[in-house]
Amino acid sequence: MEVVMKYCVIIPARYKSSRLPGKPLIKLAGIPMIIRTYQQCIKACSSELVYVATDDDRIREICEAKDIQVLMTSEGCLTGTDRIAECANQVDADVYINVQGDEPLFNPKDLEKLIIEARNYPGEVLNGFCQINDEVPFRSSSIPKVVFRPDFRLLYMSRSPIPSNKEHGFEKAWRQICAYAFPKKALKDFASLGKKTTLENIEDIEILRFLELGWEVRMIQLSSDSIAVDTHEDIHRAESAIKERGL
């Protein structure tokens, strides 16, 4: 008998971004980024299972005007994952799927795959990745690079260019895609610490907190369609891709 997994999809959206203040409400080809991310998610699952999590009334109002479910969280959340952990106190589920609010081109098929893999690996933390095909993203400090074991369990993640050869050259590498699946217990452990762990703080990569707390993280290969918007240059890249893909 198949065990039914109760899940929800949560899109964390913070107004006070250090790199791009007001980022969730930046319009891409006329539509706020958070709305575009939501529209991609509901292509993969029912809108009844999708929530936006925020601490800002401006984001809440924009979402509610589009009949999007909103979960209000505290302003003191250290990371987006801490925000998801707060949501776990408001919505009951076995697994909380996290799609970052700055992923307006997120591929719905990737969300479908993440949901399937969460069923295949119950109780595990999952994170998406894809291959890096040229040196520019490999050298970019805004893109977390991923190294993993042959069984796809995460070894480390860094904004530095890894893995590198002895000449610090680019041979083969992979980048993180900011889509996750968290079992409730993992979120509870993550948030109960109340502070960032050492490597998490140095790298500014929150998934490292799970490794430092002793959790395994299983990396799931997704498409390379995603374009995370972290800089003004990313805005132009995302708008061009939206027009090219007819979104």
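The values are calculated or read from the model by the stated rules, or taken from the named source; none is laboratory data. The structure displayed is predicted, hence computed values, not measured ones. We place every Cβ from the backbone using ideal geometry, glycine too, and count neighbours over all the protein chains shown. Note: accessible area is taken over every heavy atom of the protein model, side chains too, but ligands, DNA and RNA are not part of it. Shrake-Rupley method; radii C 1.70, N 1.55, O 1.52, S 1.80 Å.
A compact table of results
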| read-out | value |
| --- | --- |
| Residue satisfying all of: in the stretch 161-195; open to solvent by 60 Å² or more (accessible area, probe 1.4 Å) and in contact (Cβ under 8 Å) with a residue 40 or more places away in the chain; nearest to LEU105 (Cα to Cα) among these | LYS172 |
| Which listed residue, of ASP67, ASP57, ASP110, is touching a residue at least 40 places away in the same chain (Cβ under 8 Å) and among the acidic types (Asp, Glu) | ASP110 |
| Strands (runs of 3 or more DSSP E) contained in the stretch 1-106 and holding at least 2 residues open to solvent by 40 Å² or more (accessible area, probe 1.4 Å) and at pLDDT 95 or above | 69-72 |
| Within the stretch 118-143, considering residues that are more than 12 Å from ALA186 (Cβ to Cβ) and among the aliphatic types (A, V, I, L, M), the one surrounded by the fewest Cβ atoms within 10 Å (Cβ to Cβ) | VAL136 |
| All positions within the stretch 205-247 that are at pLDDT below 95 and at positive phi | GLY246 |
| Members of the stretch 116-158 found to be within 23 Å of GLU200 (Cα to Cα) and hydroxyl-bearing (Ser, Thr, Tyr), listed by number | SER140, SER141, SER142, TYR156, SER158 |
| Within the stretch 196-237, considering residues that are of a type in the set (Lys, Arg) and surrounded by 17 or more Cβ atoms within 10 Å (Cβ to Cβ), the one nearest to MET5 (Cα to Cα) | ARG218 |
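Yes/no per residue for (1) β-branched (Val, Ile, Thr); (2) more than 14 Å from the chain's Cα centre (by Cα); (3) over 26 Å from GLY214 (Cα atoms):
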{"site": "ASP57", "(1), (2), (3)": "no, yes, yes"}
{"site": "ILE62", "(1), (2), (3)": "yes, yes, yes"}
{"site": "ASP94", "(1), (2), (3)": "no, yes, no"}
{"site": "ASN127", "(1), (2), (3)": "no, no, no"}
